[in-house]
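Below is one structure; the comments refer to it alone.
The values are calculated or read from the model by the stated rules, or taken from the named source; none is laboratory data. Treat the numbers as computed from the prediction; the structure is a model and nothing was measured. Positions of Cβ are generated from backbone atoms using ideal geometry, with glycine treated the same way; all protein chains shown enter the neighbour counts.
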Amino acid sequence: MNIKSMIDNNGIKYKERKLKFLSYLIFENETMLVIINNNKNIFKIIRSDFEYIEQELLNYDFCLIDSSKKRLYYMKIKEPNNFIRKAFDSTEKNEIYFGKEILQNEIAEIQLIEMISSIGK
């Protein structure tokens with residue numbers, strides 16, 4: 001499951017950046033797609049990676065990939081005070097786990113391509 005090749009095959013332009021535990025793509029319309037890969041359906045984001053994403057001052061969505069079960073999850077983040085920001089603000093934890101919020105947003109590859117097409121233009 002290669003997200004970048006799906007995007008390339010649809011002719012969508014982007015710039016890629018990599019952090020410790022994730023990568024993200026910046027599209028021409030200045031929206032970011034944050035990609036987190038894992039071999040299970042347990043996903044987390046560390047504080048320093050999240051703060052780096054927020055410093056970009058762009059809208060961002062999450063695409064989480066469970067490579068063991070070949071499942072995709074997609075979450076559109078609409079507001080600056082989202083559940084991840086609130087979790088980091090209210091605790092000293094260095095990492096936050098995505099829970100039911102993301103696992104309730106499983107999508108098929110074709111749906112992912114549609115979502116990426118809509119944010120990439």
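Examine the stretch 55-78 for a residue that is of a type in the set (Asp, Glu), surrounded by fewer than 19 Cβ atoms within 10 Å (Cβ to Cβ), more than 12 Å from the chain's Cα centre (by Cα) and assigned to a helix (DSSP H, G or I), and state whether such a residue exists.
No - not one qualifying residue is present in the stretch 55-78.
Just to be sure, is residue 84 surrounded by 17 or more Cβ atoms within 10 Å (Cβ to Cβ), part of a strand (DSSP E or B) and modelled with pLDDT of 85 or more? Quick ask: steps written out before the conclusion?
On the way: surrounded by 17 or more Cβ atoms within 10 Å (Cβ to Cβ): yes; part of a strand (DSSP E or B): no; modelled with pLDDT of 85 or more: yes.
No: the conditions fail for residue 84.
Among (1) assigned to a loop (DSSP other than H, G, I, E, B); (2) modelled with pLDDT of 85 or more, which single condition is residue 49 missing?
(1)
How do the pairs read when you match residues in the stretch 95-113 that are hydrophobic (A, V, I, L, M, F, W, C) with residues anywhere that are modelled with pLDDT of 85 or more and part of a helix (DSSP H, G or I), using Cβ under 7 Å and keeping only pairs 6 or more apart or on different chains?
So the pair list comes out as 96/84; 96/87; 96/88.
Just name the residue that is modelled with the lowest pLDDT out of those in the stretch 29-46 that are part of a loop (DSSP other than H, G, I, E, B) and either in contact with an Asp or Glu (Cβ under 7 Å, 6 or more places away or on another chain) or over 21 Å from residue 87 (Cα atoms) (or both).
If we filter the stretch 29-46 for residues that are part of a loop (DSSP other than H, G, I, E, B), which is where we start, we get 29-30, 39-42.
Of the ones still in play, those that are also either in contact with an Asp or Glu (Cβ under 7 Å, 6 or more places away or on another chain) or over 21 Å from residue 87 (Cα atoms) (or both) are 29-30, 39-41.
On the way: 29: 72, 30: 79, 39: 84, 40: 82, 41: 80.
Among residues in the stretch 29-46 that are part of a loop (DSSP other than H, G, I, E, B) and either in contact with an Asp or Glu (Cβ under 7 Å, 6 or more places away or on another chain) or over 21 Å from residue 87 (Cα atoms) (or both), the one modelled with the lowest pLDDT is 29.
Determine which single condition residue 111 fails, assuming it passes every other condition in (1) surrounded by 11 or more Cβ atoms within 10 Å (Cβ to Cβ); (2) of a type outside the set (Lys, Arg); (3) more than 27 Å from residue 8 (Cβ to Cβ).
(3)
Is it the case that some residue within the stretch 37-56 is on the phi < 0 side of the Ramachandran plot and in contact (Cβ under 8 Å) with a residue 60 or more places away in the chain? Talk me through it step by step, then tell me what you get.
The first filter runs over the stretch 37-56 and keeps only residues on the phi < 0 side of the Ramachandran plot, leaving 37-56.
Then drop every residue that is not in contact (Cβ under 8 Å) with a residue 60 or more places away in the chain, which leaves 41.
The answer is yes; a qualifying residue exists.
What's the total number of residues in the stretch 14-28 that are assigned to a strand (DSSP E or B) and either in contact (Cβ under 8 Å) with a residue 40 or more places away in the chain or not small (Gly, Ala, Ser) (or both)? Give the steps one after another, and end with the answer.
Initially, the stretch 14-28 is screened for residues assigned to a strand (DSSP E or B), giving 14-18, 23-27.
Checking the rest, the ones that are also either in contact (Cβ under 8 Å) with a residue 40 or more places away in the chain or not small (Gly, Ala, Ser) (or both) come to 14-18, 24-27.
So the answer is 9.
So, in the stretch 87-102, of the ones that are modelled with pLDDT of 90 or more and among the charged types (D, E, K, R), which residue ends up farthest from the chain's Cα centre (by Cα)?
The extreme case among them is 92.
Which pairs do you get when a residue that is farther than 16 Å from residue 37 by Cα, found in the stretch 1-12, comes within reach of a residue that is assigned to a helix (DSSP H, G or I) and of a type in the set (A, V, I, L, M), reach meaning Cβ atoms under 7 angstrom, with the pair 6+ apart or on two chains?
Listed pairs, sorted by first residue: 7/116; 10/113; 12/116.
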